[in-house]
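Coordinate-derived values only; no laboratory data. These numbers were taken from a predicted model, which means no experiment stands behind them. Every residue, glycine among them, receives a Cβ derived from its backbone with ideal geometry; neighbour counts consider all protein chains shown.
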Ligand code: 26Q
């Protein structure tokens, strides 16, 4: 080698860099010079995936050898987001991968950014399923997630002139290197048709149509790569392949009709949250994935253990809300019709196998299906539901203190008006455990929706307060804070989030507070740069970043926040001489496409933003932004940069909330009502480190019962009346002055969500926030105490409780 060659040669490549290039060439078909960022992303995923596969197979072998009980998490939603950073971090290969890529002139952070955000879910329930999958692998529990491989996930949101526009999402456009199609794991799923019986009492269901469900597997890596579990998502294939006779006769559409029909099952996620949209296709989706999953579980059990009667000893199936509740009838069908068990024995096995998690008490979100639809689509399951109902109602008749009214509430069939199948009652009856997702929510389940079922089966309802994975929601999204914590208290918290309590004394350490503030400021600067880049809006990183990001829903009360923002704007203009605290109000979230008021609230946030941001008399004191297309990746940017977390639902309506936990873990203070998990967050961080306001759930119920009169409340509050009237009269919508008249009239006329009732308390709490912010040391100390005290809200803790109390796998 001559001197010139020596001088210009690149540093030697690591073995990993060589593997990356090898994958780029042989699996992507590009050389280094031709590779685009997407090619590098795919090559990196394939390279990391190779390491994962070895552990994946080892995990499966171990489970098999130990004859372990398996956990099955059935969910119509898995909001997993991007997977590369998570996989690299959990394998502990951050430095190795980024160095190898940089030897190839590629920036890891840049390619991570172009990975599509897998949004196979709407919101909290779907994200919870994703956190649970990660914690199951972390706790080394053999577990499978079962769901649907939607071709189009949650819609992309564009904001056009302030209005939400829904665009199709296309996460599979560049292929998906994470997934493995398993053609051999395929099942028939039938719909409709007829049920016949013979003299021996055997029942035969002959469906009118059928599709094939094919498994597509994605590995889920636990912390430190200990275990790799499987997320098995079903896709649909037509049973009659392309009809060549039709195709040759020129009927191209007819030839493909079967595949198109099958594909419609997995085409798109229902973009509804907290409402049950009663479309037939939704019920078809629910049965499609339930049937395939239950068939797969039973097949695996027989293969490994031989006898279907030992199923509850070796399988625990958790129903994520009622969306998979038809699984109860499906397992009964398989046990009775295919495995020749008697009803009673099948019923005991079924109950011992299933657990059901409830995520909402909102009546409009409780799933029920018109009986004629259910019967037409699933005639055999309808018979089984009737048989289950007969059994449950017999037990109810025998029990003490259950009157006719209670019988009506316990029945799986709603007889009030058009008859409907109640999926929550089916799930409740078919499970040995029914859990709520926060302490308050579980109490309310016992008192309201499930009061009579609870009386009949008093040992069934239990609480499992939600959690979040600290890997994604601290280590990966906030490396600055993670390093700071590690410097202060060592590494134990990396494996046990509860060990974060060791950070508490550092709230009293002035030097630590200073470093903590620097980390937060850097996160705010980064978010501000992102917003400047995307929206052209300049934000002051020294202002309070006050954040409300979640699905847009009236019960979550974005409207309360916006009205208070308007009131504050008014106050600042009227009293510019006062010592106002600079604030940035950040909103993000999607509205269900059919939810008129939610979409109007998005428009209002944008109208207020335009007006406030363009008012020179306000300057830096107040800025408002609605960030488009909220998703997991955007949350990962926003959460670490927040100072104040808005958790302001009408008390009794938010089952838990999990965003509240993410913010507290990243050192934001919560302003919130005593709703959902806020109650337990307060218990952990202490009253002095959270700002609680407003009516309690009991007070809300009492006010409703007493006849609430919002008009009097609005007229009794000058600030509120002024803000509401300004919005109603078109101050923020000069192009269409009547735009918000209806929305504001709703507040005067009924105010279902008690915005007016809580307004003054909320506004006062916000001024308390200002006062606290003024004492920056005290604020930072509170923020540090939040970080220190919310390790309990790790999904590892939650999954540990499910494993011990419900699944019996610990
Ligand atoms: C039902 C039928 C038809 C179409 C759609 C639906 C549907 C889909 C999704 C109904 C509800 C959902 C989602 C509910 C949800 O996300 N609930 C949230 O669950 C979180 C995890 O437990 C809680 O923290 C939140 O409080 C709760 O709102």
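A few comments on the model shown:
- Computed as a quarter of the hull surface, the mean projected area of the alpha carbon convex hull for region 53-183 stands at 10.8 nm².
- q = 0.10 Å⁻¹, region 465-553: log10 I(q)/I(0) [Debye, one scatterer per Cα]: -0.34
- Whole-Å distance, taken between Cα centres, linking region 25-39 and region 499-557: 38
- Cα pair distances in region 402-443, grouped into 10 Å bins until the bin that holds the longest one, percent each: 25, 42, 30, 2
- Over region 392-520, all Cα pairs binned in 10 Å intervals from 0 give whole-percent P(r) values of 11, 28, 17, 13, 15, 13, 3, listed from short to long.
- The percentage of C-alpha pairs in region 510-660 whose separation is greater than 24 Å is 34%.
- Computed from the Kirkwood radius of its Cα pairs, the Stokes-Einstein diffusion coefficient for region 128-171 at 25 °C and 0.890 mPa s stands at 186 µm²/s.
- If you take the alpha carbon atoms of region 310-404 and fit the smallest convex hull around them, that volume is 135 Å³ per residue.
- Estimated FRET transfer efficiency when R0 is 35 angstrom, pair residue 537-residue 767 (beta carbons, to 0.05): 0.90
- Rounded to the nearest 500, the 222 nm mean residue ellipticity of the chain from helices alone is -14500 deg cm²/dmol, with -39,500 (n - 2.57) taken per DSSP H run of at least 4 residues.
- Sorting 327-340, 645-658 by their mean Cβ neighbour count within 10 Å, with the most densely packed peptide first, gives 645-658, 327-340.
- Nitroxide proxy distance, nm - points 7 Å out along Cα→Cβ at residue 805 and residue 240: 5.2
- Computed over region 599-665, the P(r) tail beyond 21 angstrom holds 42 percent of alpha carbon pairs.
- For region 59-131, a Kirkwood hydrodynamic radius built from all Cα pairs, placed in the Stokes-Einstein relation at 10 °C and 1.306 mPa s, yields a translational diffusion coefficient of 107 µm²/s.
- Alpha-carbon centroid distance for the pair region 366-422 / region 215-269, whole angstrom: 34
- By the count of other C-beta atoms within 10 Å, a proxy for reagent exposure, 446, 603 are ordered fewest to most as 446, 603.
- Under the simplified labelling scheme, the residue 404-residue 448 pair shows an inter-label distance of 2.8 nm, with each label point 7 Å from Cα along Cα→Cβ.
- Pairwise Cα distances in region 571-626 exceed 16 Å for 49 percent of all pairs.
- Remark: 637, 776 ranked as 776, 637, counting other beta-carbon atoms within 10 Å and listing the fewest first.
- Each 10 Å bin from 0 upward holds the following percent of the Cα-Cα pairs of region 1-112: 12, 34, 28, 17, 6, 2, 1.
- Cα radius of gyration and Dmax for region 709-810 (Å): 21.9, 62
- Rounded to whole Å, sorted largest first: equivalent-ellipsoid semi-axes of region 554-602, Cα gyration tensor: 28, 10, 7
- Debye-sum result for the chain in log10 I(q)/I(0), which assumes one identical scatterer on each alpha carbon, at q = 0.05, 0.10 Å⁻¹: -0.28, -1.13
- Difference of contour (0.36 nm per residue) and Cα-Cα distance, residue 102 to residue 299: 66.3 nm
- The protection proxy used here, the mean number of other Cβ atoms lying within 10 Å of each residue, ranks peptides 571-579, 344-352, 782-790 as follows, highest first: 782-790, 344-352, 571-579.
- Rg(Cα) / (2.2 N^0.38 Å) computed for region 15-55, rounded to two decimals: 1.08
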